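Report on the following structure.
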Amino acid sequence: MEERIERERKVWNEHKELLLAGERAKFEEDKTRSLKDLQDKLKLEQEHCQRLEQKLYDTQMVRNTNKIKFISLFFFFVNQTKKN
């Protein structure tokens, strides 16, 4: 009788360990999938930020170019009026 109880306990412990191993494997898969999803989202956000930074830079360059053109025209007209 005691041997039977010991065998059943051993079988139950092995079954329990297999269940735990399966749960750990599922957890690791979920964790890996979640981490990959987060990394993909981070990459998309970084690319979005880079596009926005480039757009800001381009806008500033156009603005600076327009300022230079305006100043050049201003001095051109000032010089023209001085000549006349």
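Overview of results
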quantity: Charge dipole (debye, nearest 20) of the chain; +1 at Cβ of Lys and Arg, -1 at Cβ of Asp and Glu; calculated: 1280
quantity: Mean residue ellipticity (222 nm) of the chain, computed from DSSP H runs ≥ 4 via -39,500 (n - 2.57), nearest 500; calculated: -37500 deg cm²/dmol
quantity: Positive-pole candidate from 27, 1, 12, dipole of the chain, charges at beta carbon; calculated: 27
quantity: Helix axis angle, 2-83 relative to the chain longest principal axis, alpha carbon, degrees; calculated: 0
quantity: Contour excess over end-to-end distance, with Cα ends at residue 71 and residue 58 and 0.36 nm allotted per residue; calculated: 2.7 nm
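Bear in mind these aren't lab numbers, they're just calculated from the coordinates by the rules spelled out. Since we're looking at a predicted model, the values are computed, not measured. Note that each Cβ is placed from the backbone with ideal geometry, even for glycine, and that neighbours are counted across all protein chains shown.
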